[in-house]
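Undergrad: Got a structure here, written out as C-alpha cells. Questions coming.
Just so it is clear, none of the values below were taken in a lab; they were calculated from the coordinates. Everything quoted here is computed from the prediction, not taken from an experiment. Counting neighbours? That spans all protein chains shown, and the Cβs are built from the backbone with ideal geometry, glycine included.
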Number of protein chains: 2
Amino acid sequence: MRRRPDLSLVLVTDRTLAAGRSLEDVVRAAVRGGVTAVQLREKDCSTRQFLEIGRSVQEACRSLGVPFIVNDRADLALVLKADGIHIGQDDLPPRDARRLLGPDAVIGLSVETLEQALAAEAEDVDYLGISPIFATPTKPDTRGEWDLAGLSKLRRLTRRDLVAIGGINPENAGAVIEAGADGIAVVSAICAAADPERAARDLRKAVDGARTRGSR
Amino acid sequence: MRRRPDLSLVLVTDRTLAAGRSLEDVVRAAVRGGVTAVQLREKDCSTRQFLEIGRSVQEACRSLGVPFIVNDRADLALVLKADGIHIGQDDLPPRDARRLLGPDAVIGLSVETLEQALAAEAEDVDYLGISPIFATPTKPDTRGEWDLAGLSKLRRLTRRDLVAIGGINPENAGAVIEAGADGIAVVSAICAAADPERAARDLRKAVDGARTRGSR
C-alpha cells in the first residue's frame, strides 16, 4: 500500500446497521458508488468473529482495489493483511502501531481536540481522523464536536491529511471539504442506507463538487 | 523464554479485586509466596491503560524471574515483550498467535470441553487451560465445569501440560493435581486475598504436597 491512499470517502463499518444484508455486500455496493477506503470497525463481537467478517471484507477490498484498514487491533490487522490501522487516543500508541505494522502501513489517528491534533505532529501517522466533526449518536463518548470552524483552524496549522467523521451527510459534506478536510468518513450514512451504492454516490458527488469549486 | 515454563501456580490478574493495592504489589507478593507465572488479564480498561498496567507487571515479572503472559491480544504481548499469550476459543486462532509471536513464545489455550481439548492436539500450543475445573462466578460464560473426573479422563488422553482454573483454593488444589493437572491458575484466591503472599504460599504448598504424594 502506498502511504498516501485516497481517503476522499471512507466507509467505516457497522454490521449492526446493515439490516440483514451481509457487510461484504454493503462494502461492495459502497465501493461501486465511490467509496475510496474501508475501515473495519466492528464492536461487540469476539475476535474470531471479527476475523471472519474481516476476511470477507478484506477480500472484497482487495478485489475492488481500495485500501482495507482495521480499527484498533494491530494483531488483527496483521492476521488480515490489512493495509493499515486506525487508532484512537486510548488505543495502541502510534509508535507501537508503526513498529508492529511496518513502514508501509497506513496509520490513522483520531483526534478530538486541537491539542491532540497538534501533539500528533510528532507522530508517524498518515492521517488524522477529525472526530466528531458534527454531533452524532454513533460516538457519544467524545469531547464535543469540532464543527467547521474548528476544522478550518486546524487546517491552517497542519499539512496532515484530515479525514472528518461524525454526522456527515450529502448536504453538509461539501462544506466539510471546503473547511479543509481531505476526505470524509461515514458509518450510518452508508451502512444504514436503503441503497448503499446510491448513498456513497451522493456523498462522493458532494466531495468532488466541493473540490471543483475550491480549485476554481 | 523456554517453551516449557513452570506453570505450577499461575496468577491470573484482576486489578478490580486488588482493593486499593497496586497490581504490581500483589504480583510481587504472590511471586514471593510461590507463584511461578503471571497472566495479565484485565477487562474493562482501554488499551492504553492495559499497556500501562502491563509495563509495571512485566517489569516485576522480569525482575523476579517468572514468565509474563498476556491474555488475548497478541499485539499487546508484542509491545510488552511478553513471554507468551493466553487465548480462548473465541480469540485469535492458535496458528495466527504462533505466527505473530514466533517459535519461542508460550501459547496457552483455554478448553472448556473434551472435544475442544482433543481438537487442540493438532495445534502448536504449549499448555491447555482447563476451564473451569470447578464452578466459579469469575467466568460465568462457560459450558459447565470439568470437575476432577473430566480432568482425569483428559489426562489419560493427552500428554499436554494442563493448567486447571476456576474455583481452586488451598483445600481442593491438591486433588486437582492428583487428578492430573500439571499446575493450577487462580484469580480471586490470590488477588482478593488479604495477604496475597500467604495465599500463594498455601496454594503452592497444596500443589507441592500433592506432587510429593503422587511420586511416592
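Undergrad: With each run of n ≥ 4 DSSP H residues scored as -39500 (n - 2.57), what mean residue ellipticity at 222 nm is computed for chain A after dividing by its residue count and rounding to the nearest 500 deg cm²/dmol?
TA: Helices in chain A give a 222 nm mean residue ellipticity of -12000 deg cm²/dmol.
Undergrad: Could you please state, rounded to a whole Å, how far the C-alpha centre of segment A:43-121 is from the C-alpha centre of segment A:157-216?
TA: Measuring centre to centre over Cα atoms gives 21 Å.
Undergrad: Considering just Cα atoms, how many Å³ per residue does the convex hull of segment A:1-71 enclose?
TA: Per-residue hull volume (Cα only) is 85 Å³.
Undergrad: How large is the Rg to Rh ratio of segment B:8-119 when both quantities use alpha carbon positions and Rh follows Kirkwood?
TA: Here the Rg-to-Rh quotient is 0.97.
Undergrad: Which whole-number percent gives the relative contact order of segment B:172-216, counting Cα pairs below 8 Å spaced six or more residues apart?
TA: After rounding, I find 51 percent.
Undergrad: Oh, and also: Sequence gap at least 6, Cα distance under 8 Å: using those rules, report the relative contact order of chain B to the nearest whole percent.
TA: 23 percent.
Undergrad: Please state the Cα pair-distance histogram of segment A:127-216 with 10 angstrom bins from zero: what percent is in each bin?
TA: Bin by bin from 0 Å, the calculated values are 18, 50, 28, 3.
Undergrad: Here's a follow-up. For A:Gly209, place a label point 7 Å out from Cα along the Cα→Cβ vector, do the same in each other copy, and report the separations in nm, one decimal, smallest first.
TA: Its label point is 8.0 nm from the equivalent points in the other copies.
Undergrad: Build a GNM of chain B with springs between Cα atoms under 10 Å: which of B:Asp44, B:Asp91, B:Asp202 gets the top mean-square fluctuation?
TA: B:Asp44
Undergrad: What does the structure give for A:72-83 when I average, per residue, the other chain Cβ atoms found within 10 Å of the residue Cβ?
TA: Across the residues of A:72-83, the mean count of other-chain Cβ atoms within 10 Å is 4.
Undergrad: Label A:Arg48 and A:Lys81 with points 7 Å out from Cα along Cα→Cβ: what is the distance between them in nm?
TA: Placing both labels 7 Å along Cα→Cβ, they lie 2.4 nm apart.
Undergrad: Then there is this: Are there GluC sites (Glu not before Pro) in segment B:39-105 that DSSP marks as loop and that have at most 16 other Cβ atoms within 10 Å, and which are they?
TA: Listed in order of number, the matching sites amount to none.
Undergrad: Okay, next question. For the protein assembly as shown, what are Rg and Dmax over the alpha carbons, in angstrom?
TA: Final numbers for Rg and Dmax: 24.7, 91 Å.
Undergrad: Also, quick follow-up: Taking R0 as 51 Å, what FRET efficiency do you get between A:Ala175 and B:Leu118 from their Cβ-Cβ distance, rounded to the nearest 0.05?
TA: 0.25
Undergrad: Bin by bin, in steps of 5 Å, what percent of the Cα pairs in chain B do you find, going until the bin that has the longest distance?
TA: Spelled out bin by bin, chain B gives 1, 8, 17, 20, 22, 18, 11, 4, 0, 0 percent.
Undergrad: Let me ask something else about it. Average partner chain C-beta neighbours within 10 Å, per residue of A:100-109?
TA: 1
Undergrad: To continue, here is another question. Which pairs, out of B:Lys81/B:Lys153; A:Lys81/B:Lys153; A:Lys43/B:Lys81; A:Lys81/A:Lys153, put more than 32 Å between their alpha-carbon atoms?
TA: Checking Cα-Cα distances, B:Lys81/B:Lys153; A:Lys81/B:Lys153; A:Lys81/A:Lys153 exceed 32 Å.
Undergrad: Which residue fluctuates most in the GNM of chain A (Cα springs below 10 Å): A:Ala82, A:Ala122, A:Ala135?
TA: Maximum fluctuation in the GNM of chain A, among the listed residues, is at A:Ala122.
Undergrad: Of the candidates A:Arg99, A:Arg204, A:Arg73, which one comes out as most mobile in a Gaussian network treatment of chain A with C-alpha springs shorter than 10 Å?
TA: Of the options given, A:Arg99 has the highest mean-square fluctuation.
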